[in-house]
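Reading through the structure tokens given below for one structure.
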Amino acid sequence: MPKSAFVAIAGRPSAGKSTLVNALIGEKVSIVSPVPQTTRNSVRGIVNKSEGQLVFLDTPGFHISEKKLNLRLRSVSTEAFGDADIVLYLVDATRKPGDEEVAVAAALFHATDRLVAAINKIDSPEADPDRALLFITGKFPQAKVFEISALTGAGLPELLAALFAKAPDGPAWYPEEYYTDQEPVFRIAEIIREKIFLHTRDEMPHAVYVSYEDSSRGADDSLLAQYDLVVERESQKGILIGKGGSMIKRIREEAEKDLADIFDYEVRLKLSVRVDPDWKKNDKTLDKLIY
Ligand SMILES: Nc1nc2c(ncn2[C@@H]2O[C@H](COP(=O)(O)OP(=O)(O)O)[C@@H](O)[C@H]2O)c(=O)[nH]1
Ligand SMILES: [Mg+2]
């Protein structure tokens, strides 16, 4: 009998959850940046092996804040932890476990018997795996703990084997050739958003959402896709456009380059910038963006 399980990944912002999903899948299914709260949705990455299928749910991560957007992100995470067969708790070895780490751990107590823990970033000179281990065993004395690097791949085969061992028997949820359930329209928007996170600073990345507008197929099977980069205020438009259009050009070119690796047809982008005042406070917009 094959195994199959939903594995929700829990951890503080920037613990390396999205990097881990990409490393396990071997494809960029979830965007990554040094800016906390890059991930806004539950992104699914699927691992198919002879043992069976693991469906990883990358989650937005916990950020202690009462703002509407943050509350949404937190409820996306909490739902994923509730539904999952296994919760993979990722702890960043390079940071001291403070209040935020305590809050994440507390949200996982109900999943103690389904929990596997991993200490990430052991490749880093700043890593202190013993400090992380002490924290984890203090909260979850029974948990199996692995030391890994999502960046170098160290420890990942052992982790994967443990997850399959813990997975219940059952048929695959997705066809074997699937490695994500995301629609192309969403994946393209996410890649564009990653470039914004990588190249703009301070509040800018958090002020933007990427809206799909339109697309058409070229005769050569290429896809021309039109997206709007939507900001909160008029004054933010200039930053995204850049001097002489340099920023938006950079975002477009780098996104197109990544998309060439992901899709087997060419994707060309047409990007514009527009304002949607206070979109972060608008429930309808948030319903569309965060699910
Ligand atoms: N040195 C090191 N950096 C990592 C590792 N995993 C993730 N990172 C970095 O940590 C930052 C946050 O990663 P990300 O996957 O977006 O974290 P998330 O918020 O938990 O999804 C990025 O700059 C990653 O490159 C790792 O194993 N080692
Ligand atoms: Mg992430």
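Quick notes
- Per-region count, the range 46-68, residues within 15 Å of ligand 2 (Cβ to nearest atom) and not β-branched (Val, Ile, Thr): 7
- Tally, over the range 20-45, of residues that are within 12 Å of residue 8 (Cα to Cα) and away from ligand 2 (no atom under 12 Å from the Cβ): 1
- Of the residues in the range 43-64, not one is of a type in the set (Asp, Glu) and out of contact with any strand residue (DSSP E or B) (no Cβ under 8 Å at 6 or more places or on another chain).
- Hits in the range 51-68 (condition: outside any strand (DSSP E or B) and within 17 Å of residue 14 (Cβ to Cβ)): 59, 60, 61, 62, 63, 64, 65
- Test: residue in the range 2-11 that is in contact (Cβ under 8 Å) with a residue 12 or more places away in the chain, within 14 Å of ligand 2 (Cβ to nearest atom) and among the basic types (Lys, Arg): no
- Among the candidates 276, 220, 264, residue that is within 25 Å of the chain's Cα centre (by Cα), surrounded by fewer than 12 Cβ atoms within 10 Å (Cβ to Cβ) and not aliphatic (A, V, I, L, M): 264
- Taking the criterion of being part of a helix (DSSP H, G or I) and touching a Leu at 6+ places or on another chain (Cβ under 8 Å), the residues of the range 11-50 that qualify are 17, 19, 20, 23, 24.
- Scan of the range 187-221 for residues that are touching a strand residue (DSSP E or B) at 6+ places or on another chain (Cβ under 6 Å) and among the polar types (S, T, N, Q), ordered by number: 211, 215, 216
- When the range 1-48 is limited to residues that are charged (D, E, K, R) and more than 21 Å from residue 114 (Cα to Cα), the one that is surrounded by the fewest Cβ atoms within 10 Å (Cβ to Cβ) turns out to be 27.
- Residue satisfying condition, being more than 27 Å from residue 287 (Cα to Cα), of a type outside the set (Ser, Thr, Tyr), away from ligand 1 (no atom under 12 Å from the Cβ) and modelled with pLDDT of 95 or more, within set 27, 51: 51
- Qualifying residue in the range 96-115 (condition: within 12 Å of ligand 1 (Cβ to nearest atom) and among the hydroxyl-bearing types (Ser, Thr, Tyr)): no
- Only one entry in 175, 97 is buried (at least 18 other Cβ atoms within 10 Å of the Cβ), over 30 Å from residue 209 (Cβ atoms), of a type outside the set (A, V, I, L, M) and out of contact with any Ser or Thr (no Cβ under 7 Å at 6 or more places or on another chain), namely 97.
- Residues located in the range 30-41, provided they are under 10 Å from the mean Cα position of the chain (by Cα) and near ligand 1 (Cβ under 8 Å from one of its atoms): 30, 31, 32, 33, 37, 38, 39
The values are calculated or read from the model by the stated rules, or taken from the named source; none is laboratory data. A quick note: this is a predicted structure, and the numbers were derived from the prediction, not measured. We place every Cβ from the backbone using ideal geometry, glycine too, and count neighbours over all the protein chains shown.
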